[in-house]
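Just so you know, all these numbers are worked out from the coordinates, no wet-lab data involved. Not measured: the values here are computed from a predicted model. So basically every Cβ, Gly included, is an ideal-geometry build from the backbone, and we count neighbours across all protein chains shown.
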Amino acid sequence: MNAILLQMDLATHILIVDDDAGIRTLISSFLEKHGYRTDTAGDPHEMREKLQRRRYDLIVLDVMMPREDGLSALRKLQHEDAPPVIMLSAVGSDIDRIVGLEMGAEDYLAKPCNPRELLARIRTVLRRREGKAAGAAAEASAAGVDVAHDGLSRFAGWTIDLIGRTLIDPQQAAVPLSDSEFRLMRAFVEHPRRVLSRDRLLDYATGQESEHYDRAIDVQVSRLRRKLAGHEGGEDLIRTVRNEGYMFVPVVTLR
């Protein structure tokens with residue numbers, strides 16, 4: 001039971017804000033099937049209450065709501081630590097979309113929308129945020145500002161050089177990886193002890209959205225596991241989470 005709760009806590013956390021309970025349930029159920037943790041709110045007031053209690057990685061926010069609309073709620077979210085926002089609206093005009101984007105929304109999607117398209121937009125926004133964070137660290141490093149690490153990560157006696165694209169086992173032997181295997185290894189190292197869905201891992205491994213053949217990631221994870229298991233300390237580093245995806249088990253430290 002404790003392991004299940006830990007996996008839930010480590011999953012990417014999304015808040016869905018919509019006055020329609022049916023839409024909240026539909027989106028929430030779909031995203032949870034793809035490895036995300038979700039909470040829901042029926043209006044902006046409830047959204048702000050939940051934001052005071054916990055941190056979210058992304059907000060899906062409806063525009064057309066009674067009492068306070070989504071654009072007003074978005075305006076009040078404009079601070080440095082606010083999570084990225086994807087707007088949903090039954091009014092799909094260009095003007096409404098432009099207004100939403102100019103007010104700080106990361107993306108804008110017309111309702112009714114295909115849940116699969118919303119999932120793709122969520123992945124894109126989250127990757128874009130991760131890329132911005134990495135870019136800021138690189139700029140700070142180039143300016144001579146001290147940053148958290150120099151691209152080396154350690155786990156269970158292993159070392160991976162994310163800049164030099166090299167994996168070293170506990171005996172200091174290099175482990176050859178294909179490009180997709182390295183991308184997959186980097187995804188695990190950069191998201192330790194978090195449940196990553198097959199869809200998300202496939203995005204990391206291929207560098208593009210994938211609308212089919214999610215099980216292809218099982219093959220790639222199996223190959224990576226065999227390479228890790230062929231070296232001391234490489235067994236059981238990647239755990240299968242039934243019906244969810246995979247988790248990189250060891251603690252990762254940065255240098």
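Report the extension gain between Thr166 and Val241 in nm, rounded to one decimal, defined as 0.36 nm multiplied by the number of residues separating them, less their alpha carbon distance.
Values: separation 75, 0.36 × 75 = 27.00 nm, distance 2.70 nm.
24.3 nm is the gain from fully extending Thr166 to Val241.
Fully extended, how many nm does the chain gain between Leu101 and Val249 (0.36 nm per residue separation, minus their Cα-Cα distance)?
49.5 nm
For the pair Thr25 and Thr159, how long in nm is the line joining their label points, each one 7 Å along Cα→Cβ?
Computed distance between label sites Thr25 and Thr159 equals 5.5 nm.
Highest mean first, how do 104-110, 231-237 rank when packing is the count of other Cβ atoms within 10 Å averaged over residues? List each step's numbers first, then the result.
Details: 104-110: 18.9, 231-237: 15.7.
Result, highest mean Cβ count within 10 Å first: 104-110, 231-237.
List the residues, sorted by chain then number, that are 5 or more residues from Ala11 or on another chain and whose placed amide H is less than 5 Å from its amide H.
The list, which skips near neighbours in sequence, is Val195.
Which number comes out as Rg/Rh for region 2-130 once both Rg and the Kirkwood Rh are worked out on C-alpha atoms? Don't jump to the answer; show the numbers that get you there.
On the way: Rg = 13.8 Å, Rh = 14.7 Å.
Rg divided by Rh gives 0.94.
In nm, to one decimal, how far is the Arg54 label point from the Ser72 one, both placed 7 Å along Cα→Cβ?
2.7 nm
Based on other C-beta atoms within 10 Å, arrange Asp179, Asp169 from fewest to most. Walk me through the intermediate numbers first.
Values: Asp179 11, Asp169 19.
Final ranking by Cβ density, sparse to dense: Asp179, Asp169.
Mind listing the phi-derived Karplus ³J(HN,Hα) values for region 164-169, rounded to whole Hz, using 6.51, -1.76 and 1.60 with θ = phi - 60°, and x for any glycine or proline?
Taking θ as phi minus 60°, the curve returns x, 6, 10, 10, 10, 7 Hz for region 164-169.
What are the ³J(HN,Hα) values, in whole Hz, obtained from phi via the Karplus relation 6.51 cos²θ - 1.76 cosθ + 1.60 with θ = phi - 60°, for each residue of region 48-60 in sequence order, with x given for Gly and Pro?
Ordered by residue, 3J(HN,Hα) equals 5, 4, 5, 5, 6, 8, 8, 9, 10, 7, 6, 10, 9 Hz.
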